[in-house]
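Every read-out reported here was derived from the displayed coordinates using simple, explicitly stated rules and does not represent laboratory data. What you see is a predicted model; the values in this text were computed from it and never measured. Every residue, glycine among them, receives a Cβ derived from its backbone with ideal geometry; neighbour counts consider all protein chains shown.
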Amino acid sequence: MPRILEQGLNSIFRSRWGVAIVIVAIVAAVIGIGRIFADGSSSSPTLGSGSPAPAISIDPSDDDSVVDSDPPPEPSTSPGRAQPETVAYAFASAWSNHKGVTPKAWRDRLLPNSTKNLASELDGVDPAGVPADRVIGRPSLVPVGATVVSAVVTMDSGKLNLRLVSPDGHWLVDGIDWDGS
């Protein structure tokens, strides 16, 4: 008799129907055990039910975001000092005037409108690598704050992007970036 039972079980486990019946039995057992240990409530938890939703106010005075929706303050200049647009134009003109001058003479022309940090970065730069020969447009300014301005100067072969700073009301170029497109 055990041999007949063994052959019957072997044939069941070798067929697709037998495997399917065993899988259904295992799934039913898991579901049954789950229901035994469940608390009996039929409601399922909702997404985010563990914490309340954030309160949103339409009152602008309640806004505590990092991004400021107000426009940046206008750049301020000390009396008797050049405006940021003038400084950007003067710097761009001196930067593009690089033919037939020594690196020292070229750098000396940039120094009056440069911060100490930029002046040290320009030390040893060969002006022959300057990709533009002349300014062809007025600088366009984008105020970042009362003491920081971005200026874009259109040159004959691209755009010169300048970062101007004015911690004491005297505007100076602090950064240069070239856009050859």
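Given H placed 1.01 Å from N in the peptide plane, which residues other than close sequence neighbours of ASP133 have an amide H under 5 Å from its amide H?
Under 5 Å from the amide H of ASP133: ASP156, SER157.
What spacing in nm lies between the two simple spin-label points modelled at SER140 and ASP108, each 7 Å away from Cα in the Cβ direction?
So the label points at SER140 and ASP108 sit 3.6 nm apart.
Going 7 Å from the Cα of ALA128 toward and past its Cβ, which residues in the stretch 78-106 have a backbone nitrogen under 17 Å from where you end up?
Residues 97-106 qualify, since their backbone N sits under 17 Å from the label point.
Can you give me the C-alpha center-to-center distance between the stretch 87-116 and the stretch 127-181, rounded to a whole angstrom?
The stretch 87-116 and the stretch 127-181 have Cα centres separated by 12 Å.
For the stretch 105-145, run through the trypsin sites (Lys or Arg not before Pro) and keep only the ones in DSSP coil with at most 14 other Cβ atoms within 10 Å of their Cβ.
Numbers: sites: ARG107, ARG109, LYS116, ARG134; in loops: ARG134.
Hits after loop and neighbour filter: ARG134.
Around ASP126, under 15 Å between beta carbons, what's the net of Lys plus Arg minus Asp minus Glu among the other residues?
On the way: positive: LYS99, LYS104, ARG107, ARG109; negative: ASP108, GLU121, ASP123.
Combined, the nearby Lys, Arg, Asp and Glu give +1.
So how do 118-131, 154-167, 137-150 stack up, highest first, on mean other-Cβ count within 10 Å?
By packing density, highest mean first, the sequence is 154-167, 137-150, 118-131.
Order 29-37, 94-102 from most to least packed using the mean count of other Cβ atoms within 10 Å.
Most protected by this proxy first, the peptides run 94-102, 29-37.
Within 11 Å, Cβ to Cβ, of ASP156, how many net charges do the neighbouring residues add up to if Lys/Arg are +1 and Asp/Glu are -1?
Values: positive: ARG134, LYS159; negative: ASP133.
Once positives and negatives cancel, what remains is +1.
Expected output is a single nm value to one decimal: the length gained when fully extending between ARG35 and ARG81, i.e. 0.36 nm times separation in residues minus the C-alpha distance. What is it? Before the final figure, lay out the partial values.
Values: separation 46, 0.36 × 46 = 16.56 nm, distance 8.10 nm.
The ARG35-ARG81 span can extend by a further 8.5 nm.
Ordered by residue, what ³J(HN,Hα) values in Hz, to whole numbers, does the stretch 108-125 give under the Karplus form 6.51 cos²θ - 1.76 cosθ + 1.60, where θ = phi - 60° and Gly and Pro are x?
4, 5, 7, 4, x, 10, 10, 6, 4, 4, 5, 4, 5, 5, 7, 4, x, 6
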